[in-house]
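Comments concern the structure below.
The values are calculated or read from the model by the stated rules, or taken from the named source; none is laboratory data. What you are looking at is a predicted structure, and each value in this text was computed from that prediction instead of being measured. Quick reminder, even Gly has a Cβ in these numbers, built from the backbone with ideal geometry, and neighbours come from all protein chains shown. For the accessible areas, the whole protein counts, side chains as well, though only heavy atoms, and no ligand, DNA or RNA atoms are used. Shrake-Rupley method; radii C 1.70, N 1.55, O 1.52, S 1.80 Å.
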Amino acid sequence: MNPTTFDLFADAEPVQQPRREQIGEQSYVLRSFALPWLDRLLPALETVLAAAPFRQMITPGGFTMSVALSNCGTLGWTTDRSGYRYTRNDPQTGLTWPRMPDVFFELAQAAAREAGFATFTPDSCLINRYVPGAKMSLHQDKDENAYAAPIVSVSLGLPAMFLFGGFERSNKSQRVPLLHGDIVVWGGVDRLRYHGVLPIKEGQHSRLGEQRINFTFRTAG
Ligand code: MD6
Ligand code: FE
């Protein structure tokens, strides 16, 4: 190697290159995409959670979800004994869900664009909190009014193994490891694919501690 070239790179900072991995015809993992947004994202998250704290909800089958959730935006995803649905109000406070912070909307839109969805206008952001052991069973997202818009799912904190399946529950799933800052976008022909999250393993994240936080953006109304 030319010694001059070597010197030039010897003390360079390693740069986190965002990478785009295709996991379906219209589905991508955008590696590290959220990292440059974190300093704006985390304070905005605290503001949302101060108004609408995390809580564990009951499924229609009567089970308490292992994942705790909150929402921001016009519509929030909820579940209770009578079913899954989107509501304008937080059932715990009766107030409308906190507005979606601009930085949330901008990040979701930028990620969707990077995955080929140029016009994403989310009206809902579900915020999930996973502690070690918490999981999300395989399911399809079918509570939205229309399926034209993609889903944008941001992972922060502890790693997760995301399951990305087919169009029937029994279809084989791909296992996609997700790290802090990764974003999965799926839509179009892949919009109704089954997906889930394996139980989160014990661990400590330097920025977020013993938890995984997930933002799931959708156009629900
Ligand atoms: C995740 N969450 O937390 C994925 N879908 O990484 C979901 O896929 C999901 O939390 C529908 C309803 C609630 C959810
Ligand atoms: Fe889902």
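Modelling each spin label as a point 7 Å along the Cα-to-Cβ direction, I'd like the T87/L49 distance in nm, to one decimal.
Roughly 2.2 nm, to one decimal.
Could you work out the local net charge near A68, counting Lys and Arg as +1, Asp and Glu as -1, over the other residues with Cβ closer than 9 Å to its Cβ?
+2
Have a look at segment 97-146 and give its Rg and Dmax from the Cα atoms, expressed in angstrom.
13.5, 36
Please state the equivalent ellipsoid semi-axes for segment 67-162: what are the square roots of 5 times the Cα gyration tensor eigenvalues, largest first, in whole Å?
Sorted largest first and rounded, they come to 21, 18, 14 Å.
To the nearest 0.05, how large is the calculated FRET efficiency for Q174 and R113 if R₀ is 35 Å and r is the Cβ-Cβ distance?
0.90
Beyond 15 Å, what percent of the Cα pairs of segment 42-106 remain?
Summing the P(r) of segment 42-106 above 15 Å gives 52 percent of all pairs.
At what distance in angstrom do the alpha carbon centres of segment 62-104 and segment 146-221 lie from each other?
18 Å
In square nanometres, what is one fourth of the surface area of the convex hull spanned by the alpha carbons of segment 114-221?
Computed as one quarter of the Cα hull surface, the answer is 6.8 nm².
So, counting K/R as plus one and D/E as minus one, what does the shell of residues with Cβ under 14 Å around A134 add up to?
+3
Per residue, what accessible area does segment 64-158 have, given a 1.4 Å probe and all protein chains present, in Å²?
42 Å²
How large is log10 I(q)/I(0) at q = 0.27 Å⁻¹ when the Debye formula is applied to the Cα atoms of segment 114-175, each weighted equally and without solvent?
So the normalised log intensities work out to -1.38.
Give me the tail of P(r) for the chain as a percent: Cα-Cα pairs with distance above 32 Å.
Counting every Cα pair in the chain, those more than 32 Å apart make up 17 percent.
Summing Lys, Arg as +1 and Asp, Glu as -1, what charge do residues with Cβ under 15 Å from the Cβ of I23 carry, I23 excluded?
+2
Could you please state how large a percent of the accessible area of segment 65-207 is carbon and sulfur, counting protein chains only and using a 1.4 Å probe?
So the carbon and sulfur contribution to the accessible surface is 52 percent.
Just order 173-186, 33-46 by mean Cβ neighbour count inside 10 Å, highest at the front, would you?
173-186, 33-46
If one takes the longest principal axis of the Cα atoms in the chain, at what angle in degrees, from 0 to 90 and to the nearest 10, does the Cα axis of helix 38-51 lie?
20 degrees
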